[in-house]
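K.L.:
Here it is, the structure, as structure tokens.
The values are calculated or read from the model by the stated rules, or taken from the named source; none is laboratory data. Just so it is clear, the structure is predicted and the values come from calculations on it, not from any experiment. Here Cβ is always computed from backbone atoms with ideal geometry, including for glycine, and neighbour counts include all displayed protein chains.
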Amino acid sequence: MEFSQLRIFQAVAEEGSITRAAERLHRVPSNLSTRLKQMEEQLGVELFVRERQRLQLSPAGKVLLDYSTRLLALHDEAHGAVQGGQPAGDFVLGSMYSTAAIHLPKLLARYHKAYPMVNLQVQSAPSGELLEGLITGRLDAALVDGPLALATLDGVPLCEERLLLICEADHPPVRGPQDVAGRAVFTFRRSCSYRTRLEAWFSHDRVAMGRAIEIESYQGMLACVIAGSGVALMSESMLDSLPGKDSVSIHPLAEPFAHATTWLMWRKGMLGANLNAWIDLQQAGKTRPEQQAQAIA
């Protein structure tokens with residue numbers, strides 16, 4: 001079957017008349033009759049029965065109408081998406097865990113409400129894995145720790161995060177890495193950019209970092225720190241969202257390790273309608289994404 005045949009079938013089913021369907025489609029009735037007969041021969045079933053000078057759908061026709069409605073909707077959606085029209089279809093967005101928990105919920109709600117034809121999927125992972133997903137094409141865009149010196153990517157900043165080292169409640173002030181030398185460090189796996197920043201903080205002062213214990217949740221890290229098992233690094237916004245935040249001591253890092261900027265990144269040349277719509281929401285009140293996008297080269 002061709003999409004043109006499905007449109008003819010749908011029009012006749014809705015109008016109940018070949019003549020009225022022909023007027024609606026700006027075709028001659030004989031052409032529609034021929035195309036419908038061809039469809040019935042291809043499918044081996046009758047799609048219509050004539051009752052009181054009106055065409056009624058047969059049982060098989062009712063089944064086909066349901067499928068044709070969905071197929072034609074998908075066809076139009078795909079056509080608009082590839083032409084850069086209205087946002088539609090799949091949009092896969094990667095995000096760091098903390099960003100997904102703190103900064104995405106309101107943006108996701110606004111995006112779903114504004115663009116219901118988009119199947120938005122969010123995949124959370126450390127920055128390193130998100131970048132791999134961007135480069136391989138598994139992700140359409142990703143919210144990562146940046147900016148990044150990769151010539152193949154473009155991006156715009158989302159927010160700035162203040163980074164905090166957390167220790168058990170009665171831990172003395174931490175003025176530098178030497179004050180927590182040898183302590184176990186609770187962190188995500190090696191592809192986590194915050195782990196890389198913490199390793200650089202220790203390395204900067206030539207202090208050996210304690211054993212890294214990988215935990216895949218901030219809640220788990222906080223619980224371990226509260227118990228006095230070690231230290232952890234997380235953003236202030238993430239810590240503020242967690243129950244138990246008042247049960248640890250907080251130690252801001254010195255520059256240049258005190259802050260991190262979360263960036264929305266995408267592959268150059270892949271700024272389609274879905275991503276443009278996301279950037280419009282993210283950059284509300286700012287310049288257009290084509291003007292705002294910056295090559296990180």
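K.L.:
List the residue pairs whose Cβ atoms are under 8 Å apart, where the first residue sits in region 33-51 and is among the acidic types (Asp, Glu) and at pLDDT 90 or above, the second is part of a helix (DSSP H, G or I) and surrounded by 12 or more Cβ atoms within 10 Å (Cβ to Cβ), and the two are 6 or more positions apart or on different chains.
P.N.:
Here the result reads Glu46/Glu40; Glu46/Ala60; Glu46/Gly61, each pair linking region 33-51 to a residue that is part of a helix (DSSP H, G or I) and surrounded by 12 or more Cβ atoms within 10 Å (Cβ to Cβ).
K.L.:
Taking Gln123 as meeting all but one of (1) surrounded by fewer than 18 Cβ atoms within 10 Å (Cβ to Cβ); (2) in contact with a Gly (Cβ under 9 Å, 6 or more places away or on another chain); (3) at pLDDT below 90, write down the number of the exception.
P.N.:
It fails just one condition, (3).
K.L.:
Need the failing condition index for Phe188 against (1) over 30 Å from the mean Cα position of the chain (by Cα); (2) of a type outside the set (A, V, I, L, M); (3) at negative phi, just the number.
P.N.:
Condition (1) is where Phe188 drops out.
K.L.:
Across region 73-117, what is the number of residues that are over 27 Å from Leu131 (Cβ atoms), modelled with pLDDT under 90 and in a helix (DSSP H, G or I)?
P.N.:
8
K.L.:
Could I ask something else about it? Restricting to region 191-209, name every residue that is more than 23 Å from the chain's Cα centre (by Cα) and either among the basic types (Lys, Arg) or closer than 16 Å to Thr99 by Cβ (or both).
P.N.:
Within region 191-209, Arg195, Arg197, Arg206 qualify.
K.L.:
Val248 fails exactly one of the following numbered conditions: (1) buried (at least 17 other Cβ atoms within 10 Å of the Cβ); (2) over 16 Å from Leu164 (Cα atoms). What is the number of that condition?
P.N.:
The single condition Val248 does not satisfy is (2).
K.L.:
Sticking with this structure for a sec: Restricting to region 159-186, give me the number of residues that are farther than 17 Å from Ala258 by Cα and of a type in the set (Val, Ile, Thr).
P.N.:
Residues in region 159-186 being farther than 17 Å from Ala258 by Cα and of a type in the set (Val, Ile, Thr): 1 in total.
K.L.:
In region 4-32, what residues are farther than 21 Å from Arg52 by Cα, in a helix (DSSP H, G or I) and either without any contact (Cβ under 8 Å) to a residue 12 or more places away in the chain or of a type in the set (Phe, Trp, Tyr) (or both)? Break it down into steps so the answer makes sense when it comes.
P.N.:
First pass over region 4-32, keeping only residues farther than 21 Å from Arg52 by Cα: 4-8, 24-28, 31.
From the residues that got through so far, the ones that are in a helix (DSSP H, G or I) too are 4-8, 24-25, 31.
Within region 4-32, just Asn31 meets the criteria.
K.L.:
Tell me the residue from Ala295, Ala260, Ala273 that is of a type in the set (A, V, I, L, M) and at pLDDT below 80, please. Steps first, please.
P.N.:
Values: Ala260 fails: at pLDDT below 80; Ala273 fails: at pLDDT below 80.
Going through Ala295, Ala260, Ala273 in turn, the sole match is Ala295.
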